[in-house]
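Here's the structure, in structure tokens; my notes come after.
The values are calculated or read from the model by the stated rules, or taken from the named source; none is laboratory data. Quantities reported herein were computed from a predicted structural model and do not represent experimental measurements. Note that each Cβ is placed from the backbone with ideal geometry, even for glycine, and that neighbours are counted across all protein chains shown.
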């Protein structure tokens, strides 16, 4: 099942950060923060990469698989908690490696 553009817009509205961009990919949306891939919208769910710091912040977040064969990601259930979303973006930006040069 593909994600809806409306749900993507809802997620982006909740994040409210001009440094978040997206890229459509096979019916889903990859999400970037300051150029770093941090997660995506898959089947109308916000999933983010697993890091130790993200796990600590979202300690009760379940894990989910975005598509068959993919690594587990953290499911962000409370999209409207803007304070936590902002902290999560900062943590993920710090924890994730810089994008590889092409």
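Could you say which residue among 57, 85 is in contact with a helix residue (DSSP H, G or I) (Cβ under 7 Å, 6 or more places away or on another chain) and farther than 21 Å from residue 35 by Cα? Spell out the reasoning first.
Working: 85 fails: farther than 21 Å from residue 35 by Cα.
Answer to the selection: 57.
Could you check how many residues of region 81-94 are touching a strand residue (DSSP E or B) at 6+ places or on another chain (Cβ under 9 Å) and either surrounded by fewer than 20 Cβ atoms within 10 Å (Cβ to Cβ) or part of a strand (DSSP E or B) (or both)?
3
Test each condition in (1) more than 9 Å from the chain's Cα centre (by Cα); (2) under 17 Å from residue 74 (Cα atoms); (3) at pLDDT 95 or above for residue 46 and report the one that comes out false.
(1)
Regarding residue 13, is this residue surrounded by fewer than 19 Cβ atoms within 10 Å (Cβ to Cβ), closer than 26 Å to residue 100 by Cβ and over 10 Å from the mean Cα position of the chain (by Cα)? Lay out the reasoning, then the answer.
Values: surrounded by fewer than 19 Cβ atoms within 10 Å (Cβ to Cβ): yes; closer than 26 Å to residue 100 by Cβ: no; over 10 Å from the mean Cα position of the chain (by Cα): yes.
Answer is no for this residue.
Check off (1) within 19 Å of residue 7 (Cα to Cα); (2) in contact with a strand residue (DSSP E or B) (Cβ under 8 Å, 6 or more places away or on another chain); (3) assigned to a loop (DSSP other than H, G, I, E, B) for residue 78 and give me the number that stays unchecked.
Going through (1) within 19 Å of residue 7 (Cα to Cα); (2) in contact with a strand residue (DSSP E or B) (Cβ under 8 Å, 6 or more places away or on another chain); (3) assigned to a loop (DSSP other than H, G, I, E, B) one by one, residue 78 breaks only (2).
I'm trying to understand the selection: among the residues of region 85-102, which are closer than 16 Å to residue 58 by Cα and touching a residue at least 60 places away in the same chain (Cβ under 8 Å)?
85, 86, 89, 93
State which residue is surrounded by the fewest Cβ atoms within 10 Å (Cβ to Cβ) when the search covers only region 21-43 and only residues that are in contact (Cβ under 8 Å) with a residue 60 or more places away in the chain and within 10 Å of the chain's Cα centre (by Cα).
Filtering region 21-43 for residues that are in contact (Cβ under 8 Å) with a residue 60 or more places away in the chain and within 10 Å of the chain's Cα centre (by Cα), the one surrounded by the fewest Cβ atoms within 10 Å (Cβ to Cβ) comes out as 37.
Just to be sure, is residue 68 closer than 26 Å to residue 27 by Cα, loosely packed, with under 14 Cβ neighbours inside 10 Å and either at pLDDT 95 or above or touching a strand residue (DSSP E or B) at 6+ places or on another chain (Cβ under 8 Å) (or both)?
No; evaluated as a whole, the condition is false for this residue.
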